1. Answer with yes or no whether Thr247 is more than 20 Å from Cys87 (Cβ to Cβ) and among the β-branched types (Val, Ile, Thr).
2. Within segment 147-192, count every residue that is assigned to a helix (DSSP H, G or I) and either in contact with a Ser or Thr (Cβ under 7 Å, 6 or more places away or on another chain) or not polar (S, T, N, Q) (or both).
3. Mind listing whichever residues of segment 213-243 are among the β-branched types (Val, Ile, Thr), in contact with a Pro (Cβ under 9 Å, 6 or more places away or on another chain) and buried (at least 23 other Cβ atoms within 10 Å of the Cβ)?
4. If a residue has to be among the small types (Gly, Ala, Ser) and over 15 Å from Asp10 (Cα atoms) to count, how many in segment 301-336 make the cut?
5. Restricting to segment 285-334, name every residue that is at pLDDT below 95, touching a helix residue (DSSP H, G or I) at 6+ places or on another chain (Cβ under 8 Å) and either assigned to a loop (DSSP other than H, G, I, E, B) or buried (at least 21 other Cβ atoms within 10 Å of the Cβ) (or both).
6. Look through Thr247, Thr274, Thr286 and report the one residue that is in contact with a strand residue (DSSP E or B) (Cβ under 7 Å, 6 or more places away or on another chain) and hydroxyl-bearing (Ser, Thr, Tyr).
7. For segment 47-64, how many residues meet the condition of being surrounded by fewer than 17 Cβ atoms within 10 Å (Cβ to Cβ) and either over 18 Å from Ile285 (Cβ atoms) or touching an Asp or Glu at 6+ places or on another chain (Cβ under 8 Å) (or both)?
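The values are calculated or read from the model by the stated rules, or taken from the named source; none is laboratory data. What you see is a predicted model, and the numbers here were worked out from it, not measured in a lab. Quick reminder, even Gly has a Cβ in these numbers, built from the backbone with ideal geometry, and neighbours come from all protein chains shown.
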Amino acid sequence: MNLKALPKIDLHLHLDGAIRVATIAELGEELGIRLPTYDAKELAKFVQVDRDCRSLTDFLKRFEVFYPILPFAQTQERIAYELCEDCARDNVIYFEARFAPALCTSPKFTMEDAIVAALEGFRRGQRDFGVRCGTILCCYRSVSVRENVETVKLAHKYRGQGVVGIDLAGDENKFPAAPHAEAFALARKLEIPITIHAGEGNSPENIREAVFTHGATRIGHGVSLQHDPELLKAVRDRGTVFEICLTSNLQTCTVPSVQAHPFRKFLDEKLRVTLNTDDPAISNITLTDEFELAVREFRLKPAEVRGLLLNAAQAVFGEVSLQRDLTERFTHLKFG
């Protein structure tokens with residue numbers, strides 16, 4: 001299989017985790033933001049992790065280097081535009097990029113400012129590079145309930161302009177989802193699709209809460225589901241979709257090795273599984289890399305690869321017509 005040439009879908013992709021190293025360096029210099037270095041090659045050592053990374057702390061601290069460049073319109077618009085180009089280069093025909101507006105603010109730059117700028121970047125990128133995409137706004141576990149409710153309201157406001165869903169991100173081991181129930185009750189009331197990061201830590205109960213309390217139809221990661229057979233059956237019967245990110249799970253030490261990842265178990269149990277990049281620039285990967293890793297380590301057959309793509313097509317948060325078009329494309333896909 002020529003996986004690079006294969007059309008693909010990425011449903012779990014963080015906008016700030018997809019920022020090019022060269023762009024960080026250029027924007028840092030333009031905006032007068034202090035960085036460890038403005039040489040892109042040297043800066044990569046500070047903002048990227050390699051495949052041998054085994055520390056969650058080490059992974060997360062990479063973001064701290066460039067967070068100061070985020071609360072600017074030129075940053076949000078540029079990184080959204082460039083992500084469209086990068087996805088087109090990897091033959092990703094549709095993606096849903098997510099970010100937390102609450103993490104992109106300053107006294108002079110609001111959450112809405114960040115959303116408007118990112119949507120403009122995606123609008124231009126889709127036009128120029130021939131890809132399609134949707135935007136998911138992340139509520140964040142460690143910020144106030146008020147900010148997360150405001151995030152949901154903004155998702156509703158911009159729903160027809162590119163925003164397609166809501167997420168809950170952040171450290172689930174330190175910050176439970178329960179305090180933010182109000183935000184997700186509002187999302188359900190407004191009929192905004194919900195995905196939630198859950199089960200990346202050790203507790204499958206976080207997956208149960210996300211699905212059966214907060215209304216998530218998709219789960220980011222969900223690795224700990226392997227420890228609860230009853231819950232696995234329940235979410236399988238419900239049709240919950242799992243956004244799997246193999247390399248990210250390795251680098252954050254969610255699993256000790258790729259062989260220990262429950263990906264194959266989930267496939268065999270007939271869960272609705274998809275493959276995604278999570279933070280491609282930080283992890284220094286593409287979606288093609290993820291598929292190559294999965295095919296190699298789990299001996300995927302062409303029918304299983306098609307199944308992953310069909311799962312993604314049917315799980316997009318975009319319009320029903322988009323789901324139908326993507327599903328049709330992958331149903332008739334020929335493997336070279």
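1. Judged against the criteria, Thr247 is not a match.
2. Residues that pass the stated criteria total 23.
3. Result: Val223, single match.
4. Total satisfying the criteria: 3.
5. If the condition is that a residue be at pLDDT below 95, touching a helix residue (DSSP H, G or I) at 6+ places or on another chain (Cβ under 8 Å) and either assigned to a loop (DSSP other than H, G, I, E, B) or buried (at least 21 other Cβ atoms within 10 Å of the Cβ) (or both), then Phe330, Leu333 are the ones that fit.
6. Thr274
7. Result for segment 47-64: 3.
Okay, residues lined up against (1) aliphatic (A, V, I, L, M); (2) touching a helix residue (DSSP H, G or I) at 6+ places or on another chain (Cβ under 7 Å); (3) buried (at least 18 other Cβ atoms within 10 Å of the Cβ):
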site	(1), (2), (3)
Ala114	yes, yes, yes
Arg123	no, no, no
Arg132	no, yes, yes
Thr151	no, yes, yes
Gly165	no, no, yes
Ile194	yes, yes, yes
Arg208	no, yes, yes
Val211	yes, yes, yes
